[in-house]
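Report on the structure given below.
The values are calculated or read from the model by the stated rules, or taken from the named source; none is laboratory data. If you're wondering where the values come from, they're calculated on a predicted model, not measured in any experiment. Don't worry about glycine lacking a Cβ; one is built from the backbone with ideal geometry, like all the others, and counts go over all protein chains shown.
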């Protein structure tokens, strides 16, 4: 059967169309609008199951890491196809494994940033000169949202200490990456995830980033129950290494905030290896490498 999602680049509008097609083809997936970006682009979630608790898997928090959205959409499509046909994935009978379980997917947290990294000045509208100056004309490396705020530095999790680290590195105003804003939860993309987690009962979160083939699973000395065992299972299934973020990579992130706020497991999975943005043609290869990790994330 021909797949809808393939190893190519997708704009926000094309990604939205993919999700509409998947929901039309698999009506047991519910499409939710959880917020809008700075430019008013819909941030979409796809919800499976009607349960007390849900696993939440997000992707494309950073513009240059948009391959994570494609990889996650590949998984969603295969997940739906196998569930519909009562088949197996990675040796697991999917319908049996998902009894009493649910999962929510957010394939693209930062649609503005992804389009800026992909399309350059065409995605910047009246701010094209300003944003071009911020990134010195190299839009490919753009990670932030349209306002130059790095979403994964904007969560209220040791944000003040992270801000001190940013300033020590000369990052004190909007930038292509690593500027956490002037206050935590200042950005609509951040608020969309915060509100989703507060509205839904989320058991654990998995945030897909690129690159490095490592899994981050702690926040300082905070290690929620079951986190270590879950991280070890994810590492074994993917071949990725367990790691601990250091310096400016620690604090302010989504999984950090989730661990702090709820005391439940949160994981950042850095997929693939190379220089961001990773080549779109690598999406399926990376997907096959982490498919078992994603399946296990849904059922754990």
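Mind checking which residues of the range 132-171 are assigned to a helix (DSSP H, G or I), within 20 Å of residue 253 (Cβ to Cβ) and in contact with a helix residue (DSSP H, G or I) (Cβ under 7 Å, 6 or more places away or on another chain)?
141, 151, 152, 153, 162, 165, 166
Among 83, 79, which is assigned to a helix (DSSP H, G or I) and either under 21 Å from residue 7 (Cβ atoms) or without any contact (Cβ under 8 Å) to a residue 40 or more places away in the chain (or both)?
Just a single option satisfies the conditions, and that option is 79.
Could you check the range 200-300 for strands (runs of 3 or more DSSP E) lying wholly inside it with 1 or more residues that are at pLDDT below 95?
241-243
Yes or no: the range 186-193 includes at least one residue that is assigned to a strand (DSSP E or B) and over 17 Å from the mean Cα position of the chain (by Cα).
No.
When you look at residue 44, is it touching a residue at least 12 places away in the same chain (Cβ under 8 Å) and assigned to a loop (DSSP other than H, G, I, E, B), yes or no? Step through it out loud before you land on a result.
Working: touching a residue at least 12 places away in the same chain (Cβ under 8 Å): yes; assigned to a loop (DSSP other than H, G, I, E, B): no.
Spelling it out, it is not the case that residue 44 is touching a residue at least 12 places away in the same chain (Cβ under 8 Å) and assigned to a loop (DSSP other than H, G, I, E, B).
Out of the residues in the range 89-131 meeting the condition of being part of a loop (DSSP other than H, G, I, E, B) and either touching a residue at least 60 places away in the same chain (Cβ under 8 Å) or touching a strand residue (DSSP E or B) at 6+ places or on another chain (Cβ under 7 Å) (or both), tell me which one is surrounded by the most Cβ atoms within 10 Å (Cβ to Cβ).
Per the criteria, the residue is 110.
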